[in-house]
1. Between helix 346-358 and the chain, what is the angle of the helix's C-alpha long axis to the longest principal axis, kept within 0 to 90° and rounded to the nearest 10?
2. Counting only residues 5 or more places away or on other chains, whose amide H sits under 5 Å from the amide H of LEU19 once H atoms are built in the peptide plane?
3. Would you please give the residues with an amide H less than 5 Å from that of LEU341, counting only those at least 5 places away or on a separate chain, with H modeled from the backbone geometry?
4. Would you order LEU19, LEU161 from fewest to most other beta-carbon atoms within 10 Å of each residue's own beta-carbon?
5. Please determine, in degrees from 0 to 90 and to the nearest 10, the orientation of helix 289-298 with respect to the longest principal axis defined by the Cα atoms of the chain, where the helix direction is its Cα long axis.
6. Pairing the Cα long axis of helix 63-72 with the longest principal axis of the chain, what angle in degrees results, from 0 to 90 and rounded to the nearest 10?
7. Which of ASP18, ASP177, ASP275 comes first, and how do the rest follow, when ranked by fewest Cβ neighbours within 10 Å?
8. Can you figure out the FRET efficiency of VAL126 with SER155, using R₀ = 22 Å and their beta-carbon distance, to the nearest 0.05?
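Read the figures in this text as sums done on the coordinates, not as results from a lab. As the structure is a computational prediction, the values presented were derived from the model and not from experiment. Every residue, glycine as well, gets a Cβ built from its backbone with ideal geometry; the counts of neighbours run over all protein chains shown.
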Amino acid sequence: MVQEFTRDQVASHSSKDDLYLIVRNKVYNASEFVAEHPGGEEVLLEIAGRDATEAYEDAGHSEEADEILVDLFVGELSANLDVGNPEPVVEPSKPITGYNKQDLTISKPRKEATDSAPNSLSSFLVHESFQETELVEKTYISHNVVICRFKLPQSNQTLGLPIGQHLSIGAILTQPDGNTKEFIRSYTPISKSHEAGYFEILVKSYPKGNVSKHIASLELGDKIRVRGPKGAFLYTPNMVRHIGMVAGGSGITPMLQVIQAVLGGRSSGDTTEIDFIFANVGLEDILLKERLDALAEMDQGFRVHYVLEKPPSQWKGRVGYVTADMISELLPKPAQHVKILVCGPPPMVRSLKISLEDLGFERPLAADNPGNQVFVF
Ligand SMILES: Cc1cc2nc3c(=O)[nH]c(=O)nc-3n(C[C@H](O)[C@H](O)[C@H](O)COP(=O)(O)OP(=O)(O)OC[C@H]3O[C@@H](n4cnc5c(N)ncnc54)[C@H](O)[C@@H]3O)c2cc1C
Ligand code: HEM
């Protein structure tokens with residue numbers, strides 16, 4: 001018979017030598033695997049004893065990784081005996097006090113968008129269960145990047161996503177062997193939190209990507225399944241004096257959400273300064289550049305610094321990977337009222353964590369600790 005574990009029982013195995021994890025409601029003993037994990041010991045130690053499903057999915061593990069899981073399997077997560085330590089439930093969005101009434105989006109305001117902060121609109125997202133929403137607009141902004149607009153059931157409803165958090169999209173996809181498998185991935189809307197009746201996500205589609213390719217191939221009228229809010233970070237106005245950001249590629253989306261909230265809150269007293277290093281391969285890879293440039297143009301407290309790995313010949317910005325010197329020059333120095341937000345591909349995140357620690361920033365205690373001076377989305 002398969003052994004059953006409660007979340008509390010799993011939580012008691014949280015040391016390096018005795019390390020259990022939950023992935024997709026199954027319990028794994030990863031004690032013997034920690035030292036050889038290709039993604040590093042640290043990430044497993046940080047999530048030891050807890051539900052690692054989302055982190056495991058977000059890292060984009062291969063079928064080989066799934067096969068290793070089979071060897072580490074020790075039991076099922078108990079459905080009935082599960083008394084303690086559920087995933088933290090995040091309160092649905094409360095509009096940020098005095099959220100700016102001005103629409104900062106550069107595109108023409110849409111018919112269904114409100115231009116004032118709603119006080120009484122209901123929220124759509126439910127933390128633990130998936131809900132369906134319909135694709136109503138699709139805009140390609142490059143050959144592999146698409147902005148998808150999804151309709152909420154009621155025109156006066158908001159998504160209900162606090163600033164700094166993301167949603168999960170689940171897709172049940174047919175595998176080459178004919179079986180179906182569920183994939184769950186994180187996405188951060190680029191529409192503003194108070195916009196009613198719809199939300200928009202920007203998706204970079206990878207040729208071998210499961211969910212990104214699926215979303216990019218949706219037709220108008222097709223539905224997706226979303227749930228949330230997810231994530232530990234929550235932006236509140238003036239929570240720190242100065243935010244430094246580093247993002248790579250589609251890691252722009254959580255940053256944009258925070259930038260829009262800060263700039264949108266200026267008229268009600270949000271004075272947070274932002275310096276944002278945005279790293280990409282080529283000029284054509286910089287997502288939402290026009291929108292970022294326009295925001296930087298209109299707000300003196302927001303600066304964006306582009307870094308390209310393969311710049312065009314006339315490029316005047318910075319070149320190469322994001323280095324400790326670049327961070328030291330462009331971002332705020334370590335201080336109590338400073339926060340650094342990071343979002344990008346795993347190798348970039350790993351090297352940034354080392355650079356930031358070398359520069360004197362506090363080492364994140366756990367990846368998802370919202371109090372961290374350095375927060376990785
Ligand atoms: C908090 C958070 C917010 C996010 N917000 C967004 C967002 O707003 N928009 C967005 O597009 N993505 C976002 N992502 C990334 C997103 O969750 C998925 O990881 C991404 O869409 C790839 O998922 P997939 O299922 O298509 O690929 P997977 O099935 O995970 O990967 C399969 C294969 O696709 C390729 N692939 C996948 N990811 C990459 C990559 N980064 N670089 C190169 N090749 C890759 C690789 O070949 C990989 O083996 C976010 C991630 C996090 C953690
Ligand atoms: C017991 C559970 C786990 C197993 C068996 C496992 C296995 C693997 C394997 C085999 C790889 C190599 C790439 C691949 O084949 O996909 C990998 C990479 C990686 N894993 Fe895990 N993993 C586990 C849990 C986690 C968790 C919980 C996280 C995140 C918190 C994580 C983060 C990563 C990262 C970031 C990489 C990428 C390394 C890189 O490409 O540079 N893993 N893992």
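1. The angle comes out at about 70 degrees.
2. ALA30, SER31
3. Answer set, sorted by chain and number: GLY244, MET245, VAL246, PHE375.
4. Values: LEU19 22, LEU161 26.
Going from sparsest to densest Cβ surroundings: LEU19, LEU161.
5. Taking the Cα atoms of the chain, the angle to 289-298 is about 50 degrees.
6. Between the helix axis and the principal axis of the chain, the angle is about 40 degrees.
7. Details: ASP18 13, ASP177 6, ASP275 20.
The most exposed by this proxy come first: ASP177, ASP18, ASP275.
8. Values: r = 19 Å, r/R0 = 0.87.
Taking R0 as 22 Å, the efficiency between VAL126 and SER155 is 0.70.
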